[in-house]
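**Q** I have a structure here, written as structure tokens, and I will follow up with some questions on it.
Every number here is computed from the coordinates shown, using simple stated rules; none is lab data. Given the structure is predicted, the values throughout are model-derived calculations rather than measurements. Methodologically, a virtual Cβ is constructed for each residue, glycine included, from the backbone with ideal geometry; neighbour enumeration extends over all protein chains shown.
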Amino acid sequence: MISRRVQQIAPSGIRKFFDLLINMEGVISLGVGEPDIATPWHIREAAIYSLERGKTMYTSNSGLLELRREVSRYLEREYGLKYNPETEILITVGVSEAMDLAARAILNPGDEVIMPDPCYVSYPACVTLAEGRPVMVATSQEDSFEISAATIEENLSQHTKAIIIGYPANPTGAIMPRQKLADIAELAECRNLLVISDEIYAKLSYGFEHTCFASLPGMQRQTILLGGFSKAYAMTGWRIGYAAAPAEVIAAMTKIHQYTMLCAPIMSQMAALEALKAGDEDVVNMVEDYNRRRRLMVKGFNSIGLSCFEPKGAFYAFPSIKSTGMTSEEFAEKLLIEERVAVVPGTAFGSCGEGYIRCCYATALNEIEEALVRMRRFVDAHRKG
Ligand code: PLP
């Protein structure tokens, strides 16, 4: 009954794992990548107020023009980029929908898309569903989980159409230095490749500079910039995001969106508008808070003997569990059963995630502390030799 396209993709390694713990009690979850706090009150209030005023209709397929204008102002303020809100910005149901639309809008069957391994689970899935071929390029802890232009070049073929990057990165917390992105930009320009840049974590960086890929010289015309509200404004449940790209690409994405989604929910669009207009301070406070948790978690892992790359952005730590001799799946499963701590096996994000686990630190400090106590006990009990 099921199409070959869908049969080709595996269920998300994140969700699959979390189905296991639904009926377990006393579990500390470092699993799902979402803030542990509710959306700031003034943002919720803006949505409530819009409902009170009877704003319950469809919006334009592209999204409320007022919101597109605000996204355009934001991108200019942050990165000096100029996008026409009428033709170059589309409001989507999260970055998730934007990624799907981007892949379907640009790929023909058999087109190859290069992406880092490990990377966010939906990148290869969206490419496969669009009948493209994901080409995963290895990154490593030694290289700070950064993808290089040289390794991308080695993996180019006559079928390569695009590159997907996503920094600050899920699951590693890596941020690409500007120069390394500039090298990729040079390659993209000379090989005429499109770059889909998922910048959903752009605001969550801990003293490290985030470079917006589209802001590199010449790159705005070759980049599909994806941005969202889920992470920085604690708005995962609102399902709202956007894409900014050349008019031709946005028109193609809008064509799919108008038949399959119609528009993003109006109340979420009203909330996003408030977030962009008056949410800067919330983001600053959240970043300070996450930074405290980040330091605690990374220090904790290193002291347990799980060597941990210092995450520079997003809200994940990606410690190595190689010293235990277990596979990532084994480690995550045993840890859940024996100590009731939920983490995601690194392999959910690609084969280079073997030997690692992803732990989200958007979790209360006392829960992180308790998780570290349990994990220390677990690692001590399973230490090799
Ligand atoms: N991109 C990355 C890198 C993510 O980590 C996530 C969620 O975990 C998403 C996109 C999905 O974002 P949204 O909630 O906007 O669909």
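**Q** Check the straight Cα-Cα distances from Lys334 and name the lysines below 24 Å, setting aside those fewer than 8 residues away within the same chain.
**A** Lys16, Lys299, Lys322, Lys384
**Q** As a check on your grasp of the helix formula, calculate [θ] at 222 nm for the chain: sum -39500 (n - 2.57) over DSSP H runs of n ≥ 4, divide by the residue count, round to the nearest 500.
**A** -13500 deg cm²/dmol
**Q** Also: Hey, any idea what the orientation-averaged projected area of the convex hull of the stretch 200-342's Cα atoms comes to, in nm²?
**A** Working: hull surface 48.3 nm².
Dividing the Cα hull surface by four gives the mean projection, 12.1 nm².
**Q** Hey, in the GNM for the chain with a 10 angstrom Cα cutoff, which one of Val344, Val135, Val284 fluctuates hardest?
**A** Sorting by GNM fluctuation, first place goes to Val284.
**Q** What does the net charge come to around Ser144 if you take all other residues with beta carbon closer than 13 Å to its beta carbon, with K and R at +1 and D and E at -1?
**A** Local charge sum for Ser144: -2.
**Q** By count of other Cβ within 10 Å, fewest leading, how are Ser3, Ser148 ordered?
**A** Fewest to most other Cβ atoms nearby, the residues stand as Ser3, Ser148.
**Q** Which is the longest run of the chain containing none of the GluC sites (Glu not before Pro) found in DSSP loop states (not H, G, I, E, B) with at most 11 other C-beta atoms within 10 Å? Kindly include the intermediate steps, with their values, before the conclusion.
**A** Details: sites that count: Glu25, Glu209.
That gives 26-208 as the longest site-free run.
**Q** Arrange Trp41, Trp238 by Cβ neighbour counts within 10 Å, fewest through most, would you?
**A** Lowest count first: Trp41, Trp238.
**Q** In addition: Normalised by the residues of the chain, what does the relative contact order come to in percent, with Cα pairs under 8 Å and at least six apart?
**A** With pairs under 8 Å counted, the relative contact order is 24 percent.
**Q** Now a separate question. Roughly what percent of Cα-Cα pairs across the stretch 283-332 reach past 19 Å?
**A** 32
**Q** Let me understand the stretch 301-385 better: what is its radius of gyration from the alpha carbons, and its Dmax, in angstrom?
**A** 11.9, 35
**Q** May I pose another question? From the Cα trace of the chain, what convex hull volume per residue do you get, rounded to a whole Å³?
**A** 148
**Q** Could I ask something else about it? Antiparallel DSSP bridges in the stretch 161-285: what percent, to the nearest 5?
**A** Of the beta bridges lying entirely in the stretch 161-285, close to 35 percent run antiparallel.
**Q** Let me ask something else about it. Give the range of the longest stretch in the chain that excludes all trypsin sites (Lys or Arg not before Pro) found in loop regions by DSSP and having at most 15 other beta-carbon atoms within 10 Å.
**A** With a cap of 15 other Cβ atoms within 10 Å, the longest stretch comes to 83-382.
**Q** Another question, if that's okay. Over the alpha carbons of the stretch 203-270, what is the largest minus smallest coordinate on each principal axis, giving the biggest first in Å?
**A** 39, 31, 15
**Q** By how many nm would the segment from Asn366 to Ile9 lengthen if fully extended, with 0.36 nm per residue of separation less the alpha-carbon distance? Please list the in-between numbers first.
**A** Values: separation 357, 0.36 × 357 = 128.52 nm, distance 3.73 nm.
Gain on extension, Asn366 to Ile9, equals 124.8 nm.
**Q** Rounded to the nearest 5, what is the percent of antiparallel bridges among the DSSP beta bridges in the chain?
**A** Taking every DSSP beta bridge within the chain, about 45 percent pair in antiparallel fashion.
**Q** Lysines within cross-link reach of Lys161: Cα-Cα under 30 Å, excluding same-chain residues under 8 positions apart?
**A** Output for Lys161: Lys82, Lys180, Lys203, Lys231, Lys255, Lys312.
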